[in-house]
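In what follows, a single structure is set out as structure tokens and then discussed.
We did not get these values from a lab; they are worked out from the coordinates using the rules stated. Keep in mind the model is a prediction, meaning the values are calculated, not measured. Cβ: placed from backbone, ideal geometry, glycine included. Neighbour counts: every protein chain shown.
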Amino acid sequence: MITLENITKGYLKYKQEYVALQDINLKVDKGEFLCIVGPSGCGKTTLLRMIAGLDFPTSGQIMENETEISGPSRERGYVFQQYSLFPWRNVLDNVAFGLEVQGLADEERYQKARKYLKMVGLSSFEKSSPQELSGGMKQRVAIARCLVNDPQVLLMDEPFSALDVQTRHKLQKELVHIWRKEQKTIIFVTHNVDEAVFLADRVVVLSSAPGTIIKTFNIELDRIRDRTSHEFLNLKKEITRLLDVEP
């Protein structure tokens, strides 16, 4: 589905060349839930932006279904860390925005928007403004706005990092349910090891800058996962230990 071949990303920083990512090789299968973890500044978001077509590697290729990614596409939806909702639009109109840009008639786009608002549990808030919503609710709207455009790949950049633990855990469970129902490919960036082990089929661990892949973990635990189980805790310890000793 998504293939990264020998990806290196560098740019000028204070008039000196800075390498953010180096020699990244990775394949993401259709329908896979992949999490990328690593320390701050290791290039996680840069990598995600390049997959989205919002940025480009200095060298190497990023392919989607054997076609090189050369820019943004409706096939790849992006959920940002910040909610990025339009404050002058109500919840329903925020979700329906992409369909409006595509030229869909009012009845069709609102029908689709309401379907995804129901999926994220916000049907009764469709007339609310973003200012009236909690952080967790805003992020649900952002996810619904992305899903309504029916992307094949969902790119998520630390979408739950600003939320309290209880809300974050709740949204993680909801995201797993949505992923299983919609059968999307998800690439999820996080610095939270617990979150990665809970969500992912596979966890890719990046080093500090320049970011390189240290190790990949296949997570073969049943869903929904028990955070207190011996297997879950052991995986968390192993990944955390790897990050702790990484210079």
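Counting alpha carbon pairs within less than 8 Å and at least 6 residues apart, what relative contact order, in whole percent, applies to the chain? Numbers along the way, then the final one.
Values: 458 pairs, mean separation 64.2, N = 247.
It comes to 26 percent, rounded to a whole number.
When the Cα centres of segment 193-247 and segment 99-114 are compared, how far apart do they sit, in Å?
39 Å
What's the magnitude of the charge dipole for the chain around its Cα centre, counting Lys and Arg as +1 and Asp and Glu as -1 at the beta-carbon? Answer in Debye, nearest 20.
520 debye
Near the amide H of ASP55, under 5 Å away, which other amide H atoms are found, from residues 5 or more places off or on another chain, if H is placed in the peptide plane?
MET50
How high is the FRET efficiency between GLU182 and THR228 when r is their beta carbon distance and R₀ equals 25 Å, given to the nearest 0.05?
After rounding to 0.05, the efficiency reads 0.30.
What label, among (i) 25, 22, 17; (ii) 54, 19, 17; (iii) 30, 23, 17, belongs to semi-axes √(5λ) of the Cα gyration tensor in Å computed from the structure on display?
(iii)
Work out from phi, with θ = phi - 60° and the Karplus expression 6.51 cos²θ - 1.76 cosθ + 1.60, the ³J(HN,Hα) of each residue of segment 33-39, listed in order in whole Hz, and give x for Gly and Pro.
10, 10, 10, 10, 10, x, x
Relative contact order (percent) for segment 84-150, with alpha-carbon contacts under 8 angstrom and 6 or more residues of separation?
49 percent
Tell me which of GLY71, THR228, VAL205 sits at the most positive position along the dipole axis of the chain, charges placed on C-beta atoms (Lys, Arg +1; Asp, Glu -1).
The residue sitting most towards the positive pole is THR228.
Under 5 Å between amide H atoms, partner at least 5 residues away or on a different chain: which partners does ILE36 have, H built in plane at 1.01 Å?
Hits under the 5 Å cutoff: PHE188, VAL189, THR190, VAL204.
Provide the per-residue ³J(HN,Hα) series for segment 210-222, in order, calculated from phi with Karplus coefficients 6.51, -1.76, 1.60 and θ = phi - 60°, each as a whole number of Hz, with x at glycine and proline positions.
Computed from phi, the couplings for segment 210-222 are x, x, 10, 7, 7, 6, 10, 10, 7, 9, 10, 10, 5 Hz.
Under the Karplus relation 6.51 cos²θ - 1.76 cosθ + 1.60, θ = phi - 60°, what is the ordered set of whole-Hz ³J(HN,Hα) values for segment 70-86, x standing for Gly and Pro?
Coupling constants for segment 70-86: 10, x, x, 8, 5, 6, 10, x, 10, 10, 7, 5, 7, 5, 6, 8, 7 Hz.
Take every DSSP beta bridge with both residues inside the chain and express the antiparallel ones as a percent of the total, to the nearest 5. Please report the intermediate quantities before stating the final value.
Values: 21 of 40 bridges.
Of the beta bridges lying entirely in the chain, close to 50 percent run antiparallel.
Using a Förster radius of 25 Å, what is the FRET efficiency between LYS118 and MET1 based on their Cβ-Cβ separation? Nearest 0.05, please. Spell out each step's value before the answer.
Working: r = 28 Å, r/R0 = 1.11.
The pair LYS118/MET1 has a calculated efficiency of 0.35.
List the trypsin sites (Lys or Arg not before Pro) within segment 122-223 that DSSP assigns to loop and that have no more than 10 neighbouring Cβ atoms inside 10 Å.
For trypsin sites (Lys or Arg not before Pro) across segment 122-223 that sit outside H, G, I, E and B with at most 10 neighbouring Cβ atoms in 10 Å, the list reads LYS127.
Please report the equivalent ellipsoid semi-axes of segment 84-150, computed as sqrt(5 x eigenvalue) of the Cα gyration tensor, largest first, in whole Å. Could you put the intermediate results ahead of the total?
Details: eigenvalues 61, 28, 21 Å².
Three semi-axes, in Å: 17, 12, 10.
Ignoring everything except DSSP H segments at least 4 long, calculate the 222 nm mean residue ellipticity for the chain; use -39,500 (n - 2.57) per segment, divide by total residues, nearest 500.
-10500 deg cm²/dmol
Starting from the Cα of GLU174, step 7 Å along the direction of its Cβ; do the same at ASP244; then give the gap between the two resulting points in nm.
So the two model labels end up 3.4 nm from each other.
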